[in-house]
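See structure below.
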Amino acid sequence: MISVDALSVQFGGTTLFSDVSFSINENDKIALMGKNGAGKSTLLKIIAGANKPTSGAISAPKGTVIAYLPQHLLTQDDATVFEEASKAFSAVFKMKAEIDAINEELTVRTDYESDDYYKLIEKVSELSEKFYSIEEVNYEAEVEKALIGMGFLREDFNKPTSEFSGGWRMRIELAKILLQKPDLILLDEPTNHLDIESIQWLEDFLVNSAKAVMVISHDRAFVDNITTRTIEVTMGRIYDYKAKYSHYLELRKDRRAHQQKAYEEQQKFIAENQAFIERFRGTFSKTEQVQSRVRMLEKLVLVEVDELDTSALRLKFPPAPRSGQYPVIVKELDKSYGDHVVFKNASMVIERGQKVAFVGKNGEGKSTMIKAIMQEIGHEGGTLEIGHNVKIGYFAQNQAALLDGELTVFDTIDRIAEGDIRTQIKTILGAFMFSGDDTTKKVKVLSGGERTRLAMVKLLLEPVNLLILDEPTNHLDMKTKDIIKEALKAFDGTLILVSHDRDFLDGLATKVFEFGNKRVKEHFEDIKGFLEMKKMENLREIERK
């Protein structure tokens, strides 16, 4: 369907990738993988037509619709949520308006024999044929369905987009893309701003209703659930696997083992031949054999072993000072903002050493509860007790954005480090993959993942026994997430996690508090058990309807 032919990209003398070719077929569901900086987002932008390659081309049949959702959006604030989502059909509405305008003109003109009149008739016929070939759609119903699927309430539809955060605007853009029913959807980290229910809705749409999809994502569960093909970008080349992500990891391991074996055998072969050449160079009787081997080595195509990402986060949380038996006790808590009730009669008890997850749709009170626990906001009714000797460490959802962009990486930590820690700043930063020149970089030039890692360093400088992490995995690659997950498993304090990343929560959170419908519901299952139970509830709800 869509062909990528001999694509090459160079930046300032550095080759990002060279002579890359592959095709995207109808209904392909592709994960685009590779370590940070390999060129995944650049490749996506080129396929979308947003960037130009140094050489090579993208070709597609006439009329092919490619929709692209970038990682960072620049949105305008000139419409309501419903109006903005309806722009997905702007080309159809424009066509209808043009047909109406031409028909209106034809009724008032009297130059029936003129060339201009015939041209108008031809144009309106052509437009009408195109317009009426489009399947009849109830546009308002489609927009409503997509917005509700993305987590919006009907009362949100007429609010201006300026009232919504970046994450919610991302959902509007996603709704617009889905409404266009494109031939190929390109998504760059689409789950960063979605809650678990919206991610499950998106998965269902991409698997059952979308045509071809290519996605970059660090959400392992999302990638495994929607993709059947994995394209890996590494060392300027691509490897194409007809396999989902988890299977691709096994195949990649096998590939590298074969490469390593072939490389070692070739190096041995080269060494033996070079030894022969050196030994018999200048020996008249062996001249022909020596020259033959020299020519053979010159023509030899060297085996390359794919690079391994050897950078590794070395992360261990400091020992937690002992707290009381119950770090957090909430009884019948009420919280409202004006007339808006966030939750009512909310109760929860979190024991020392427990690792719990707060889940639920965005806007249902998870962050509000955290602010109450942090004693940043008050409440109307009920009680909230923080236990004896509780020391809280808090990672906010926008923690990375709160860093001072003008400071260097080193200065960011130097300003908060105290005592002996100040002599170990470079060692600590090195453990978080900031080494050499990285420590002198200004924060504003760091990637999202690098900023998140730096914000984590700040969190670790003071021993705490209650860690509260609000979406800590956004912008982190899978490898870094795995390392942080293992460190959190080993953390001997109490943990409250707000996250939509099911794979990250799996095996980490042993209890789930669900926020929704102005209530907080306690579930004693882990995240897998909770999601299975929710799916059953949703199925029962559908059956009732």
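The slack in the chain from D334 to A490, taken as 0.36 nm per residue of separation less the alpha-carbon distance, amounts to 52.7 nm.
Classify the stretch 108-228: rounded, prolate or oblate, from the alpha-carbon gyration tensor (a ≥ b ≥ c, eigenvalue square roots; a/c under 1.5 rounded; otherwise prolate if a/b is larger than b/c)? Prolate. Rounded to whole numbers, the Karplus 3J(HN,Hα) couplings from phi for the stretch 351-368 are 8, 4, x, 6, 10, 10, 10, 9, 10, x, 4, 4, x, 9, x, 4, 5, 5 Hz, using 6.51 cos²θ - 1.76 cosθ + 1.60 with θ = phi - 60°, and x at Gly and Pro. Amide H to amide H, with H built 1.01 Å from N, M33 comes under 5 Å of I231, E232, V233, counting only residues 5 or more places away or on other chains. Loop sites only, by DSSP: take the chymotrypsin sites (Phe, Trp or Tyr not before Pro) in the chain that have at most 14 other C-beta atoms within 10 Å and name the longest stretch containing none of them. Maximal segment without exposed cleavage sites: 113-523.
Placing dummy labels 7 Å off each Cα toward the beta-carbon, the span from K528 to S18 is 4.5 nm. Here the calculated FRET efficiency for S246 and A101, from their Cβ-Cβ distance with R0 = 60 Å, stands at 0.65, rounded to the nearest 0.05. Of the GluC sites (Glu not before Pro) found in the stretch 398-488, the ones in coil according to DSSP and having at most 15 other Cβ atoms within 10 Å of their Cβ are E406, E418.
Amide H to amide H distances under 5 Å link G516 with K521, where only residues 5 or more positions off or on other chains count and H is placed in the peptide plane. If R0 is 30 Å, the Cβ-Cβ spacing of A79 and I377 corresponds to a FRET efficiency of close to 0.40.
Distance between the modelled labels on R295 and D254, one decimal in nanometres: 3.9 nm (7 Å Cα→Cβ projection). Sequentially through the stretch 4-15, phi angles give Karplus couplings (6.51, -1.76, 1.60; θ = phi - 60°) of 9, 10, 6, 6, 9, 9, 10, 10, x, x, 9, 8 Hz, Gly and Pro residues having no value and appearing as x. Once the chain from N27 to D437 is taken as fully extended at 0.36 nm per residue, the excess over their C-alpha distance is 143.1 nm. Here the extension length gained between N158 and K62 equals 30.9 nm, from 0.36 nm per residue of separation less the Cα-Cα distance. Across the stretch 99-104, rounded Karplus estimates of 3J(HN,Hα) from the backbone phi angles (6.51 cos²θ - 1.76 cosθ + 1.60, θ = phi - 60°) give 4, 4, 5, 5, 4, 4 Hz, Gly and Pro being marked x.
Here is how the number arises for the chain: DSSP H runs of 4 or more residues each give -39500 (n - 2.57), the sum is divided by the residue count, and the result at 222 nm is -12500 deg cm²/dmol. Kirkwood Rh over Cα pairs of the chain into Stokes-Einstein at 4 °C, 1.567 mPa s: D in µm²/s? In µm²/s, the coefficient rounds to 47. Once backbone amide H atoms are built at 1.01 Å from N, Q354 has L495 as its partners under 5 Å, excluding neighbours fewer than 5 places away on the same chain. Label-to-label distance, T423 versus T408, with points set 7 angstrom from Cα along the beta-carbon direction: 2.1 nm. Here the calculated FRET efficiency for N398 and I483, from their Cβ-Cβ distance with R0 = 22 Å, stands at 0.45, rounded to the nearest 0.05. Among the trypsin sites (Lys or Arg not before Pro) found in the stretch 328-435, those both in a DSSP coil and sparsely packed, with 12 or fewer other Cβ atoms within 10 Å of their Cβ, are R415.
All of the numbers you see were taken from the coordinates with simple rules; none came from a lab. Just so you know, these numbers come straight off a predicted model, no measurement behind them. FYI the Cβ positions are ideal-geometry reconstructions off the backbone, even for glycines, and counts take in every protein chain you see.
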